[in-house]
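Derivation of every value follows stated rules applied to the coordinates shown; laboratory data play no part. Being a predicted model, the structure only gives us computed values, none of them experimental. FYI the Cβ positions are ideal-geometry reconstructions off the backbone, even for glycines, and counts take in every protein chain you see.
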Amino acid sequence: EAGAAGGRWRCGRCANGAALRWCISGTLCVSFLGLGLSIAVLGPTFPTLAANVGKNVSDIYYIFVGRSLGYLGGSVVGGGLLDCMNASLLLALSMLGTTAGLYAIPWCTESLLLTISMSVIGGSMGILDTGGNVLALYTWGSEAGPHLQALHFSFAAGAFLAPIVAQMDLGRSESEELAGAEKTNQSVLKSVPTASAPSTTPALNGHRDEGFLWSYIFIGTYILFVSIFFFVLYSKSSSARDKSKASARKDRLAKYHWPLVGLLFVFFLFYVGAEVTYGSYVFTYATVFAEMTESAAAALNSVFWGTFAVCRGAAIFGAAFLSPATMIVMSLLCSAASSTALAFFAHYGAALWVGTAMYGASMATIFPSGIAWIEQYTVVEGKTASLFVVGAALGEMCIPVVVGYLQGRYHHIPVVMYTAFVTSIVTVLLFPAMYKLANWPQERDLQEVRDMETQKTLLSNSGLTEDEEEHVREWNDADFEVIEMKDKLKNSLTDISCRIPGDSPAEVSLQPHVDDALADPPVVADGSPGRQNGSVDWEKSE
């Protein structure tokens, strides 16, 4: 009865642990949905932000810089904090920071305040991005692949929904504003285009502020509710259990941990930079080089992001059957093939459409698969994950800027397509190097394990008792140490003899004594070496 009760207690504890893990995954997914909403809502509300501070759209580009710098700083700081405090608590506090920034933006009438709010949001989102990936790895370990894919699919879904949420309020405010303008002055309505009204109007009326306000208030309130779930998870977590898991994970630290992390940092820099660059410039390429209409170019852009989101959702189920390395190799091969078609055959319409769809699909799974892959070989802690996020953020910042600069100087060259081709080649070359570096120490360790297993098999077939087997192991280890010492002494004596011309008296006098000292001791009948004879030999050598 006691055994049955203990079994039921263990089953109940396992069920509670599994339920808690699924709750953590669900909370992370809804939090990354809010992350996508927070990042993507800036685009459709950008003209209204400029009007709020009384500036043109082209004059407030620095809010992007502020948010990016905050994102980088939040990733670095969050990586350090994850190693010294509870992950659920840290994510809850970061989401409160995001909520505060979103609530403050509608009332920012100064560009400095707007930039500070954007920096706060960026820093909080950097902590969430780093901590979310680490918490998923801590929770699921080697089974984290599908959950990481679900995490990043939720981000893509949030980015897709953000323009819809913003357009609901903006569309209502624009219709009310146009209705009021019709009653006051019909001629002004005909002379001023609707699309440019937000950037040229020096002041905003209450309707536009109200519509703009509710877009950010809605997202901020959603994130506030999600933070409550993280606080609940923090109350259910055990600090002692977290510390024991962290200490156990540190034992798996790879020998070449930091070189491997550095290579993956560069890998993510080129991958994310290529993804953002193509998504940002494919519309311009389609209108300038392919001579498409704006509607067709917009459709091409939608094909890229649509296949990206669909394949990221399908990867949730694919990761349950395929290893992270397999998914990365498949994505890299598709990326290389599609970027080659785009770089050299994009002047054919079919190649442009098919290549764009294939390129978007190939970019969908690389980032979450890369994190799941490296976790199989080494420990991914807060600082490690922060480097991955920083590398991705630097690629997102730097590569599009370089491509824009080069495209401005060389108008007749499709720089964006050649950039996609070059970055795909770089990533294809980097992954085999990372794979070899990650597996090389394990190959040596596996050889040592095989040797130990062979030794155990030989001992088990010898018919000896456990005490005798342990005695034999000790003397085998001692024999190996003596052989190594003998080799070292002989090598040193050989070096001395090489430096002394002719037959050195030192070599003649020392060599017999060394041979006597290093000679294998005689073994008596019971299998143990004769210690008395060994001591006599050492006395003679002295």
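How many angstrom lie between the C-alpha centres of the stretch 80-132 and the stretch 262-335?
When both Cα centres are located, 28 Å separates them.
Under a plain spin-label model, where a point goes 7 Å from the Cα along Cα-to-Cβ, how far apart in nm are Glu110 and Val402?
Reported label-point gap for Glu110 and Val402 is 3.8 nm.
Over the Cα atoms of the stretch 256-440, Rg to Rh with Kirkwood Rh, two decimal places?
My calculation of the ratio gives 0.99.
Give a residue-ordered list of calculated ³J(HN,Hα) values for the stretch 312-329 (Karplus: 6.51 cos²θ - 1.76 cosθ + 1.60, θ = phi - 60°; whole Hz; x for Gly, Pro).
Once θ is set to phi - 60°, the couplings for the stretch 312-329 become 5, x, 5, 5, 4, 7, x, 5, 6, 10, 10, 6, x, 5, 5, 5, 5, 4 Hz.
For the pair Leu437 and Ala336, what calculated FRET efficiency results from E = 1/(1 + (r/R0)^6), where r is the Cβ-Cβ distance and R0 = 35 Å, to the nearest 0.05?
Values: r = 21 Å, r/R0 = 0.61.
It comes to 0.95.
According to a simple spin-label model (label point 7 Å from Cα along Cα-to-Cβ), what is the distance in nm between Ser280 and Thr221?
Placing both labels 7 Å along Cα→Cβ, they lie 3.4 nm apart.
Can you tell me how much longer the chain between Lys255 and Ala320 gets when fully stretched, taken as 0.36 nm per residue apart minus their C-alpha distance, in nm with one decimal?
Extra length available between Lys255 and Ala320 comes to 20.5 nm.
I need the phi-derived Karplus couplings for the stretch 45-54: 6.51 cos²θ - 1.76 cosθ + 1.60, θ = phi - 60°, integer Hz, Gly and Pro marked x.
9, 4, x, 5, 4, 5, 5, 4, 9, x
Label-point separation (nm) for Lys55 and Tyr410, each offset 7 Å from Cα along Cα-to-Cβ?
With each label point 7 Å from Cα toward Cβ, the separation is 3.3 nm.
Using the Karplus curve 6.51 cos²θ - 1.76 cosθ + 1.60 with θ = phi - 60°, work out ³J(HN,Hα) for each residue of the stretch 367-372 in order, rounded to whole Hz, and write x for Gly and Pro.
After applying 6.51 cos²θ - 1.76 cosθ + 1.60, I find 5, x, 5, x, 5, 5 Hz.
With +1 on each Lys and Arg Cβ and -1 on each Asp and Glu Cβ, how big is the dipole of the stretch 256-440 about its Cα centre, in debye rounded to the nearest 20?
240 debye
Can you give me the long-range amide H partners of Met292? Hydrogens built in the peptide plane at 1.01 Å from N, cutoff under 5 Å, separation of 5 or more residues or another chain.
Thr287
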